[in-house]
Amino acid sequence: MKAVLPAADADTPVLLGEAPEPAPAHNELVMSVEAYSVNRGETFQLDGQLDRTWQGWRPGKDVSGVVVRPAADGSGPAAGTRVVAHPPAYGWAERVAVPTSSVAELPDGVDAVTAAALPLAGITALRLLRAAGPVAGRRILITGASGGVGHYVTELAAASGAAVTAVVAYAERGARLAELGADTLVTSVADAPGPYDIVLESVGGDSLPAALGRLAPGGLLVWFGQASRTPVTLDFFDFFKGPNQARIAHFDYTTSETTYGRDLAALVRLVETGRLHPEIGSVRDWSRTAEVIADLRARKVRGNAVLTLS
């Protein structure tokens, strides 16, 4: 079958080639992929900044399509069912095997492109807000807000009654966030008015210490990413001088629950009922995956980038 393969050339991170057909475990179904989303973490894996974790790795964690082979153990949807899924890898291909516990069925009102934008960014947003605790009536600052996670967090938090301040690289990238409910848009943490009950930090570098200084007493900073790829230097003497009883927590969306079907079903329901609106900044044919990766690295895509299989 055809699949997108990692390439050794830095200028061409992936190429379209041949890969073996999926060999599903007893609890895995095989789906025919109609669309997939590219995540920034996958671009880091491709350029070697993150561990690929196993030999023979191929990218692909966010996919939508149709079940062509149900799981041998009888779990999960039947053949012919439209689904969205979050496999651990291998999804940028004509077919992929996925544990049925990480699959959700799609209703007629949710198309494949929209569904493909949901898994990693949507699940991260849901779990991030759970980690932050109740948000109604609270002030939230989110950095790096113009990506997929930022759009989902902004809409979900604003709909729950939070006052959201979003930090974006430049004003144009924040226009959609304002439509989704952000109260304030700034282009630097230094310009964020504060103080905030909750800070959701995903940039790293100088952004985290600056955001920490915007916390209210008893506030919580949740560190969930390092998009800048710049290490954080934190002076704990400054931290101790800061807001009384402030807290820092590290967040990884994979550790709270290792299966994803329930959260995917919740995201699909929110989209179907018009309460969640995925921001898809690019839709292209999968033959242009390398081009999309370059655009993501250059921060030319707002929200999610989705590729469709011809």
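The values are calculated or read from the model by the stated rules, or taken from the named source; none is laboratory data. What you see is a predicted model, and the numbers here were worked out from it, not measured in a lab. For neighbour counting, all protein chains shown are included, and Cβ atoms are generated from backbone atoms with ideal geometry for every residue, glycine included.
For the structure I just gave you, tell me whether Arg69 is buried (at least 17 other Cβ atoms within 10 Å of the Cβ) and in contact with a Leu (Cβ under 7 Å, 6 or more places away or on another chain).
Details: buried (at least 17 other Cβ atoms within 10 Å of the Cβ): no; in contact with a Leu (Cβ under 7 Å, 6 or more places away or on another chain): yes.
It is false that Arg69 is buried (at least 17 other Cβ atoms within 10 Å of the Cβ) and in contact with a Leu (Cβ under 7 Å, 6 or more places away or on another chain).
You will find that of Pro59, Pro87, Pro119, the residue that is modelled with pLDDT under 95 and under 20 Å from the mean Cα position of the chain (by Cα) is Pro59 and no other. Among the candidates Val14, Val30, the residue that is modelled with pLDDT of 95 or more, surrounded by 14 or more Cβ atoms within 10 Å (Cβ to Cβ), assigned by TED's automatic domain parsing to the domain that holds Pro88 and of a type in the set (Val, Ile, Thr) is uniquely Val30. Of the residues making up segment 199-251, just one is among the acidic types (Asp, Glu) and in a helix (DSSP H, G or I), namely Asp238. Mind checking which residues of segment 188-207 are within 19 Å of Arg40 (Cα to Cα) and crowded, with 16+ Cβ neighbours inside 10 Å? Matches in segment 188-207: Leu200, Glu201, Ser202, Val203, Gly204, Ser207.
Identify the residue in segment 72-87 that is touching a Gly at 6+ places or on another chain (Cβ under 9 Å) and on the phi < 0 side of the Ramachandran plot and, among all such residues, is surrounded by the fewest Cβ atoms within 10 Å (Cβ to Cβ). Once the filter is applied, the top-ranked residue is Arg82. Taken over segment 84-134, the criterion of being under 21 Å from Ser287 (Cα atoms), of a type in the set (Asp, Glu) and without any contact (Cβ under 8 Å) to a residue 60 or more places away in the chain is satisfied by Asp111 alone. Ser310 meets the conditions (1) surrounded by 15 or more Cβ atoms within 10 Å (Cβ to Cβ); (2) in contact with an Asp or Glu (Cβ under 9 Å, 6 or more places away or on another chain) in every case but one. The failed one is (1).
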